[in-house]
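The values are calculated or read from the model by the stated rules, or taken from the named source; none is laboratory data. Note that the coordinates shown come from a computational prediction; the quantities given were computed from them, not determined experimentally. Note that each Cβ is placed from the backbone with ideal geometry, even for glycine, and that neighbours are counted across all protein chains shown. SASA here: full protein model, heavy atoms, side chains in, ligands and nucleic acids out. Shrake-Rupley method; radii C 1.70, N 1.55, O 1.52, S 1.80 Å.
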Amino acid sequence: MVGIGTAWLIPRPPAEGSAEVGLARTMSAHQQQAVEMSVILFKRSSDPEVARLSQDLFLTGQAQIGQMTGWLMAWGRPVAGQQSPFEGLDRTALGLISPAEMQQLRHLSVPLAETRYLVLLRRHVRGSLALAQERRQRLRQPEVQTFVERLIRAQRAEVQVIDRLILRRLQAGEPAQPETGGLTHE
């Protein structure tokens, strides 16, 4: 008698095309780019604070990607959909980094690469934050809702840390780079 009448207690996995599946795929791909940037800077950085930030972001990003990939597998959904995870989205609004910008991180002098990383990372995190805020309204799975709420809080804090590091570099007289203006907290 245990199983009779309890089927409604088992939640149905999100369907293909659901907000949860879309978020897991898009955010995983987005986080992968932050991980790649952070690995580059972790290996190159001479600034202990930039090195700590990059290490934290690549470890956190990998864990988040693992969690979202785990959900997709548990839901019986392929990790990659038939379309690009960014299909129909504004890549600029998402703060995605171009291949040329990624190459800059590998080839600029270390101090310039650190500053460029911070500028690109700020743009990238703000894009991820906007994506999470936009998607959270459509989520139905409690574990995904909780994940997104934590992600939003963490990313707001990351922007504050990045802003502090950029301002410190500017105050030290390091060359300003494009996109450092408008350091505001959301």
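Some observations on this one:
- Residues that are among the hydroxyl-bearing types (Ser, Thr, Tyr), in a helix (DSSP H, G or I), farther than 30 Å from Arg169 by Cβ and touching a Leu at 6+ places or on another chain (Cβ under 8 Å) do occur in the range 11-27.
- Restricting the range 79-104 to residues that are free of Cβ contacts under 8 Å to residues at least 24 places away in the same chain and in contact with a helix residue (DSSP H, G or I) (Cβ under 7 Å, 6 or more places away or on another chain), the residue that is most open to solvent (accessible area, probe 1.4 Å) is Gln104.
- Evaluated against (1) open to solvent by 50 Å² or more (accessible area, probe 1.4 Å); (2) in a helix (DSSP H, G or I), Ser54 falls short on exactly one condition, (1).
- Where a residue in the range 19-44 is of a type in the set (Ser, Thr, Tyr) and its partner, wherever it lies, is open to solvent by 10 Å² or more (accessible area, probe 1.4 Å), with Cβ under 6 Å and at least six apart: Thr26/Pro85; Ser28/Ile65; Ser38/Leu57; Ser38/Phe58
- The single condition among (1) at pLDDT below 95; (2) more than 23 Å from Glu87 (Cα to Cα) that Arg140 does not satisfy is (2).
- Residue check, Ala63 open to solvent by 50 Å² or more (accessible area, probe 1.4 Å), more than 13 Å from His30 (Cα to Cα), in contact (Cβ under 8 Å) with a residue 60 or more places away in the chain and of a type in the set (A, V, I, L, M, F, W, C): no
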